[in-house]
Amino acid sequence: MIRIATISVLTLAISTGAALAQDVSAGETSFRKCQPCHDVGENAKNKLGPPLNGIDGRKAGTYEGFNYSQANKNSGLTWHQQEFDKYIRAPMQEMPGTRMAFVGIKNDKDIGDLWAYLKQFGPEGQKK
């Protein structure tokens, strides 16, 4: 009985780790929609939008060196999964006056995977 329980726990742990890795990998694919305007990683640069390094817990409109719209700077938003989920579905509706002219992502799984991918990057672009 103990052997079966041990095998069950190990199987669950292994499958959970694989699912997490799969989400990040799918998020990297989903990020391709963002790449024309945003960058991530240690060599990330400003494009039409700011780099998304260190987004988890960062106040909107504060990435140093990027010229944000007043709407973004004054939004009072701090990026966490819940805020990102709502915003990325319809950026121009969620933040009127933003310069982010993006139709949005509607699929829950794509949004979750994208967030999993983005939150792995620290403020300097290093993976956590």
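The values are calculated or read from the model by the stated rules, or taken from the named source; none is laboratory data. Since we're looking at a predicted model, the values are computed, not measured. FYI the Cβ positions are ideal-geometry reconstructions off the backbone, even for glycines, and counts take in every protein chain you see. Keep in mind that these areas ignore ligands, DNA and RNA; they rest on the heavy atoms of the full protein, side chains included. Shrake-Rupley method; radii C 1.70, N 1.55, O 1.52, S 1.80 Å.
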Accessible-area value, Val103, 1.4 Å probe, nucleic acids and ligands omitted, Å²: 110
3J(HN,Hα) from dihedral phi, region 30-42, Karplus parametrisation 6.51/-1.76/1.60, rounded to Hz, x for glycine, proline: 4, 4, 4, 5, 8, 4, x, 10, 10, 10, 9, x, 5
Kindly write out, for region 47-64 in residue order, the coupling ³J(HN,Hα) from the Karplus curve 6.51 cos²θ - 1.76 cosθ + 1.60 (θ = phi - 60°), rounded to whole Hz, with x marking Gly and Pro. 10, 5, x, x, x, 9, 4, x, 5, 5, x, 8, 6, 4, x, 10, 5, 4
Counting only backbone N atoms under 18 Å from a point 7 Å out along Cα-to-Cβ of Asn46, the residues of region 64-80 in range are 64-74
Accessible-area order for Met100, Met92, largest to smallest, probe 1.4 angstrom, reads Met92, Met100
Those trypsin sites (Lys or Arg not before Pro) in region 35-110 that DSSP places in a loop and that have at most 11 other beta carbons within 10 Å: Lys45, Lys106
Spin-label pair Gln35/Asn107, simplified geometry with 7 Å Cα→Cβ offset, distance in nm: 1.7
I'd like the GluC sites (Glu not before Pro) in region 58-128 restricted to DSSP loop residues with at most 11 other Cβ atoms within 10 Å, sorted by number. Glu64, Glu124
If R0 = 22 Å, then Glu64 and Lys127, at their Cβ-Cβ distance, give a FRET efficiency to the nearest 0.05 of 0.60
